[in-house]
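The values are calculated or read from the model by the stated rules, or taken from the named source; none is laboratory data. Computed from a predicted structure; not experimentally measured. Reconstructed Cβ throughout: ideal geometry from the backbone, glycine too, with neighbour counts over all protein chains shown. Accessible surface is based on the protein model in full, side chains and every heavy atom, while ligands, DNA and RNA are left aside. Shrake-Rupley method; radii C 1.70, N 1.55, O 1.52, S 1.80 Å.
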2 protein chains.
Amino acid sequence: MKFSITITLKKDVLDPQGKVVQNTLQNLNFKNLKNIRQGKYFEIEVNNDDQKDVEKKIDEMCKKLLVNLIIEDYKINKIS
Amino acid sequence: MKFSITITLKKDVLDPQGKVVQNTLQNLNFKNLKNIRQGKYFEIEVNNDDQKDVEKKIDEMCKKLLVNLIIEDYKINKIS
């Protein structure tokens, strides 16, 4: 089974990297940009067919290693 | 309108960063991991209600700045 994890900064956390991308795009003449936020993305393939168990494991991985819960939110999705 | 861009390394491109995450998770005692790939993620908010036009613009942003087309694939999704 394959899952994706999308990690984003919480709403009130500053995102200087996103700001730089936004400024660069504006300099490249893209108008009407309101906001850009950058995040992280993981695709995880697991040898295990028990979806509930896998989801629990991946949630644990996020909490233990991948996500900084103080400043980040995360979402787990099944891809296949 | 709000869109997400997910950027992943092409299948045959090595992903040393993902490998490190995979090894670390295995050391944390997560078994059954088959593969982990790391990617990038952007959320873009635009002041423009013409969805077709926005999608075209975002595709252009990807090609001009955000994505290295030689080694990366990308997907654009409407969030809201």
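A few comments on the model shown:
- Within the stretch B:6-19, tally of residues that are crowded, with 18+ Cβ neighbours inside 10 Å and in contact with an Asp or Glu (Cβ under 8 Å, 6 or more places away or on another chain): 2
- Just one of the listed residues (A:N29, A:N68, A:N23) is closer than 25 Å to B:D53 by Cβ and assigned to a loop (DSSP other than H, G, I, E, B), namely A:N29.
- Members of the stretch B:3-20 that are out of contact with any strand residue (DSSP E or B) (no Cβ under 6 Å at 6 or more places or on another chain) and in a helix (DSSP H, G or I): B:P16, B:K19, B:V20
- The residues of the stretch B:20-59 that are touching a residue at least 12 places away in the same chain (Cβ under 8 Å), open to solvent by 30 Å² or more (accessible area, probe 1.4 Å) and more than 7 Å from chain A (Cβ to nearest Cβ), listed by number, are B:D49, B:Q51, B:E55, B:D59.
- Any hit, the stretch B:22-29, residues being closer than 29 Å to A:Q26 by Cβ and touching a strand residue (DSSP E or B) at 6+ places or on another chain (Cβ under 9 Å): no
- Single unsatisfied condition, A:K57 versus (1) within 19 Å of A:S80 (Cβ to Cβ); (2) touching a helix residue (DSSP H, G or I) at 6+ places or on another chain (Cβ under 7 Å): (2)
- Checked against the criteria, B:I79 does not count as surrounded by 15 or more Cβ atoms within 10 Å (Cβ to Cβ) and closer than 18 Å to A:T8 by Cα.
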